[in-house]
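This report refers to the structure that appears directly beneath it.
The values are calculated or read from the model by the stated rules, or taken from the named source; none is laboratory data. Source: prediction; values computed, not measured. Note that we place each Cβ from the backbone using ideal geometry, even for glycine, and neighbour counts take in every protein chain shown. Only protein heavy atoms, including side chains, enter the accessible area calculation; ligands, DNA and RNA are left aside. Shrake-Rupley method; radii C 1.70, N 1.55, O 1.52, S 1.80 Å.
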Amino acid sequence: MSCGIHYLASVFMAVTPNFVCGFPGNVSSVLFHNSSASSIEDIWTLWTSTENYIVVQLENGEIWELDQCSRSKREVSLDLTYEYKGNKSVFPCSDGFLYDDTKWKSTVVTQWDLVCDREWLAKLIQPMFMLGVLIGAVIFGDIADRLGRQRVIWFTSAGQFVFGIAVAFTFHYYSFVIVRFLLAMVSSGYLVVAFVYVTEFVGIKARTWASMHVHAFFAMGIMIVALVGFLVRTWWVYQIFLSIATLPFVLCCWMLPETPFWLLSEERYEDAQKVIDTMARWNKVSTPCKVSELCSVQRDDLASDRTGDDETSSAKKHNILDLFCNWQIARRTITVWLIWFTGSLGYYVFSLSSVSLGGNEYLNLFLIGAVELPCYIIACVAMDRLGRRNTLIPFLILSALICVLIMFIPQDFNTLIILANMAGKFSIGVAFGLIYLYTAELYPTIVRSLAVGSGSMMCRVGSVVAPFCVYLRSVWIFMPLLLVGIMALLSGILTIMLPETLGKPLTNTLVEATEMGRNKKSCSEKTPPAHSGTALEKIEMFGQERVRTDK
């Protein structure tokens, strides 16, 4: 939920309201087309286009025409009329700008005048945040595989709150962007590692629903942004309220134990046993699982076997190259990355197209978050009944077909076009939500966070590319949909080659992950032996048997 809040916070924080150049002096009267008023604030309700301008008469008799990025002084000041054909002197906006504050009292744009020749700074805010998300996903995914899930979750959760509050007190644009960049890094790391944490802590029976809850609460975070944006109209107060909403998650992190999967992969058997015993007490299991009984090789045997290069290899630090250790894993990685990219690209292209809905922008954002909830319910039911792969393939292909369908809908049928766009977003949303869990199940414990993190990186690349994809409408109105359709169709075809993971225990080594793809070839001689993964499989199966016995 906290990640959904921070990811979408800039939707209202960086709003650019209607504005015109400031004027030098006190105003006696204002004219806009055929309407006159005593102040410019009364004119904003009539403002319909950026090409409009406002005519003001000052107390000294001067008449000025105020455009958005320039102002003109009429040389001959006669009657106050809107149309003027005489000579005018053009001046820059040296007296600042006047902003429409009927909706927002203050935004980042109005705070630092990010308009006209500084407009590119406003457009840079969200791409810089996404860049931080991209980098944070990889960095913290790798750190979580090395130092553990619990430490990274605590650090990134605390970082979200600290940097979130700090953003509100950065009264300078560049410090604002830097702090937001750091906030993006920890938010991305928190989302990736928290998802892996949930996946590793929940057994086969409930893993699908538990993982989808992560996406559902992310969508609820989006709905909270819409609610807070409607109630609070000053950007820095709005940011503080959103950050305070994440505080309960920080206070809960200290209670989280490390996952037994990661502890066993690090050969910390005693710590893993303590966590498993705690789980047994909470689940009222009379005969708890014993790690020593499940591990086929004791630590003494392992120590005697490790000499010379073997000792060095056992301590091998895994990196992103391990996701390409052989053709089987490399093909899996390329396919998964393509699905992540396509899901993000399609999601944002369909979202940008839904702007034509009109109406209240706060309600629209609220509904954008709410429409994701049924996506995840359908995804959960289908994943548990049909399997991960058999659910992902039809929804990716369906997204491609919807993109083609929209191209044949006449442009006059606005309602039908909107419904088709929502259907496209719905179908790509199912695929987008599914790939998180599918990725976590396709890779072993030693590189699982790294795999999800690298996938999230490709997701962020897709979200950065999406706005540029929409700009291609100027080339051909259906070009964005054509690109999304091609990517979705290609992803759906390549997904056929992925192994099914429904009902299978999580793997612990690259050897086991490769075998899941029916390829017995070892990834690397440096890969730890597969016995630890077998023990993990037995632990997970043991837990399932205990649930059935208790029932």
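General remarks:
- Of the residues screened, residue 262 is one that is open to solvent by less than 40 Å² (accessible area, probe 1.4 Å) and either at pLDDT 65 or above or among the acidic types (Asp, Glu) (or both).
- Screening residue 114 on (1) part of a helix (DSSP H, G or I); (2) of a type outside the set (Ser, Thr, Tyr); (3) more than 17 Å from the chain's Cα centre (by Cα) shows it passes everything except condition (1).
- Consider the stretch 64-101 and keep the residues that are hydrophobic (A, V, I, L, M, F, W, C) and at pLDDT 80 or above. The one that is most open to solvent (accessible area, probe 1.4 Å) is 90.
- For the stretch 199-222, a residue qualifies if it is surrounded by fewer than 21 Cβ atoms within 10 Å (Cβ to Cβ) and either farther than 23 Å from residue 457 by Cα or at pLDDT 85 or above (or both), and the qualifying residues are 201, 202, 203, 204, 205, 206, 209, 217, 220.
- Residue that is farthest from residue 268 (Cα to Cα), among those in the stretch 136-151 that are open to solvent by 60 Å² or more (accessible area, probe 1.4 Å) and aliphatic (A, V, I, L, M): 139
- Residue-level check: of (1) of a type outside the set (Ser, Thr, Tyr); (2) over 19 Å from residue 145 (Cβ atoms); (3) free of Cβ contacts under 8 Å to residues at least 60 places away in the same chain; (4) open to solvent by less than 30 Å² (accessible area, probe 1.4 Å), residue 186 misses just (2).
- Number of the condition not met by residue 426 [criteria: (1) closer than 21 Å to residue 11 by Cβ; (2) surrounded by fewer than 16 Cβ atoms within 10 Å (Cβ to Cβ)]: (2)
- Only one of the numbered conditions (1) farther than 28 Å from residue 15 by Cα; (2) more than 21 Å from the chain's Cα centre (by Cα) is not met by residue 195, and that is (2).
- Residue 457 vs. criteria over 25 Å from residue 140 (Cβ atoms), in contact (Cβ under 8 Å) with a residue 40 or more places away in the chain, open to solvent by 10 Å² or more (accessible area, probe 1.4 Å) and within 21 Å of the chain's Cα centre (by Cα): no
- In the set (1) within 30 Å of residue 224 (Cα to Cα); (2) open to solvent by 30 Å² or more (accessible area, probe 1.4 Å), residue 59 fails one condition alone, (1).
- Pairs with Cβ under 6 Å, 6+ apart, first in the stretch 265-286 and among the small types (Gly, Ala, Ser), second surrounded by 13 or more Cβ atoms within 10 Å (Cβ to Cβ) and outside any loop (DSSP other than H, G, I, E, B): 265/445; 265/446; 272/260; 272/263; 272/264; 272/291
- Sole exception among (1) under 30 Å from residue 188 (Cβ atoms); (2) open to solvent by less than 50 Å² (accessible area, probe 1.4 Å) for residue 11, by number: (2)
- Test for residue 109: is it assigned to a helix (DSSP H, G or I) and surrounded by 15 or more Cβ atoms within 10 Å (Cβ to Cβ): yes
- Top-ranked residue in the stretch 223-236 [being in a helix (DSSP H, G or I) and open to solvent by less than 40 Å² (accessible area, probe 1.4 Å); ranked as farthest from residue 361 (Cα to Cα)]: 235
- Yes/no for residue 43 being of a type outside the set (Gly, Ala, Ser) and touching a Ser or Thr at 6+ places or on another chain (Cβ under 9 Å): yes
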